[in-house]
1. Given R₀ = 51 Å, what would the calculated FRET efficiency be for residue 179 paired with residue 135, taking r from the Cβ atoms and rounding to 0.05?
2. So for 142, 259, 81, fewest C-beta neighbours within 10 Å to most, what's the order?
3. How many lysine pairs in the chain, separated by 8 or more positions in sequence or lying on different chains, have Cα atoms less than 28 Å apart?
4. Label points 7 Å out from Cα along the Cβ direction at residue 78 and residue 4: separation in nm?
5. Could you point to the label whose value was computed as Cα extents along the principal axes in Å for the structure here, given [x] 81, 76, 32; [y] 50, 42, 37; [z] 63, 47, 35?
6. I need 41, 51, 263, 118 ordered by Cβ neighbour count within 10 Å, fewest first.
7. For residue 188 paired with residue 276, estimate the spin-label separation in nm (one decimal), with each label point 7 Å from Cα along the Cα-to-Cβ line.
8. What does the extension gain come out to for residue 259 and residue 128, with contour length at 0.36 nm per residue minus their alpha carbon separation?
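We did not get these values from a lab; they are worked out from the coordinates using the rules stated. Only a predicted model underlies this, so the values are computations on that prediction, with no experimental measurement involved. Glycine gets a Cβ as well: all are built from the backbone with ideal geometry, and neighbour counts include every protein chain shown.
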Amino acid sequence: MLTILFDGVAYGMLLFILALGLAVTMGLMNFINLAHGAFAMTGGYITVLLMQRAGVPFLACLPVAFLGAALLGAVLERTLYRPLYHRNHLDQVLFSIGLVFMAVASVDFFIGSTQQIMQLPEWLKGRTELGSDPWTLGMGHYRLFIIAVCAALAIVLQLILSRTRFGSRLRASVDDQRVAAGLGINVNIVFLSTFAFGCGLAGLGGALGAEVLGLDPNFPLKFMFYFLIVCAVGGTSSITGPLLAALLLGVADVAGKYYIPKMGAFIVYTLMIAILIWKPQGLFVRQGGKS
């Protein structure tokens, strides 16, 4: 039982990092970017290809995956996404879904459709077991690494949003763009930085999740709904909401597949429906501000 809980927490933390960028663009920028999973796939493929073809160590690949996805996000935000900020949500959805299918087709053509294999360093392999039956806690070293990295990122991001000048400027830009611009805040730069950072987080999540979730050209399509569920259940106006939602969904998914394997993802969707009936706006909603 404890091992299942531990694996669920690790899976939930991974979902949190993967979905956080989408929560930022939806909640703070009021933009629905369903191509978010394509940036996660970008980070995963950067990591796998660097390790396989260039022999780059795993830890060195993680910042490269973050920067590569962030740079791609910045370029696309400046050239493709920005004109859609003031369009209706249907246009944004159709546009970003089109980008997803373009990304899937491009990766399939240039790299291939086979599942990518990532060889972890020896110190991240294996597991440590504590306690005895029925309360044995089996901790996979790589999942423990994922929990540590994602927890550190959550703390840093919360501090950035609540304690820094950039966080204040971002909140002001979200609440009222014209007033923020009148106060001397460059709203375009704030949104560009935020969008690129969210894409970078997705790339980092894809790099961390390549070994756990698997990596192939259909990655953005397979996990798009999980990202949306995390945002819908947790709300998109804070970090706390998506974090709690991702942990709940991660534990429910792992436990459900272990105890009731024939139910598959049914447990996750049931939990989502129950929470949304109770809290239609998500678990955490920031009061005030303009959409």
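1. Values: r = 56 Å, r/R0 = 1.09.
E(calc), rounded to 0.05, equals 0.35.
2. Fewest-to-most ranking of 142, 259, 81: 259, 142, 81.
3. Numbers: 125/222; 125/257; 222/257; 222/262; 222/279; 257/279; 279/290.
Final tally of qualifying lysine pairs is 7.
4. The answer from the label model is 5.0 nm.
5. Entry [z].
6. Numbers: 41 29, 51 22, 263 13, 118 17.
So the residues, fewest neighbours to most, are 263, 118, 51, 41.
7. Result: 3.6 nm between the two label points.
8. Once the chain is fully extended between residue 259 and residue 128, it gains 44.9 nm.
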